[in-house]
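Here, each number is a calculation from the coordinates, and none is a lab measurement. The model shown is predicted, which means the values in this text are computed figures rather than measured ones. Quick reminder, even Gly has a Cβ in these numbers, built from the backbone with ideal geometry, and neighbours come from all protein chains shown.
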């Protein structure tokens, strides 16, 4: 399972857009998506593990990231709502510098498993959602490589679940725009192959 965060947008690092529609990749983000497509397409060379399906959260920024990947692989992008960003509720659209001043911000960073966004989703619900989604996709594509384009927090939550790391530590993970995280799911459990890769994925072709 190749988990890809969407590329950079005009609000990346500044706002918490959440599930707000109409947010598109910036020019830099589009270039990042093309570069990610090149890296992923290279997995199919020399008898490698070319992905057989590309899924994406239904938001514009994830679809715009997934399209170059799918195009390079000769596939179509399949929308999967359960790959969507966390529901930030009343915090949706807020500036990060404003949120950082809230007393609840410390809990978001240090005890996320006990936090629910006002009017939105809890981190535990988000982790259960993304973990269940990946399990469903793995069952559909057993023994195959699949791309899932999602968002930073769901991907970090998926990594934590796969590594057996408590959700309260997931904020220590970094998932950069258009980075690739590779998880291998086996009958004995998941394995974390790489996290936040923005360079070549050649080592995965040998796995």
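Worth a mention:
- Scanning segment 158-182 for residues that are farther than 20 Å from residue 109 by Cβ and within 12 Å of the chain's Cα centre (by Cα) yields a count of 6.
- Breaking point among (1) surrounded by 15 or more Cβ atoms within 10 Å (Cβ to Cβ); (2) part of a helix (DSSP H, G or I), for residue 85: (2)
- Test for residue 137: is it in contact with a strand residue (DSSP E or B) (Cβ under 6 Å, 6 or more places away or on another chain) and within 25 Å of residue 34 (Cα to Cα): yes
- Per-region count, segment 32-67, residues over 16 Å from the mean Cα position of the chain (by Cα) and either under 26 Å from residue 20 (Cβ atoms) or part of a helix (DSSP H, G or I) (or both): 11
- Every residue from segment 69-79 that is crowded, with 19+ Cβ neighbours inside 10 Å and either over 18 Å from the mean Cα position of the chain (by Cα) or more than 15 Å from residue 179 (Cβ to Cβ) (or both): 70, 72, 73, 77
- Unique match (being in contact with a strand residue (DSSP E or B) (Cβ under 8 Å, 6 or more places away or on another chain) and over 29 Å from residue 140 (Cα atoms)) among 22, 13, 29, 93: 93
- Some residue of segment 139-162 being surrounded by 18 or more Cβ atoms within 10 Å (Cβ to Cβ) and at positive phi: no
- Here the condition is being under 26 Å from residue 186 (Cα atoms), out of contact with any strand residue (DSSP E or B) (no Cβ under 8 Å at 6 or more places or on another chain) and either free of Cβ contacts under 8 Å to residues at least 60 places away in the same chain or surrounded by fewer than 18 Cβ atoms within 10 Å (Cβ to Cβ) (or both); of 100, 106, 35, 41, it holds for 41 alone.
- Residues that are assigned to a helix (DSSP H, G or I), closer than 19 Å to residue 148 by Cα and over 17 Å from the mean Cα position of the chain (by Cα) do not occur anywhere in segment 12-29.
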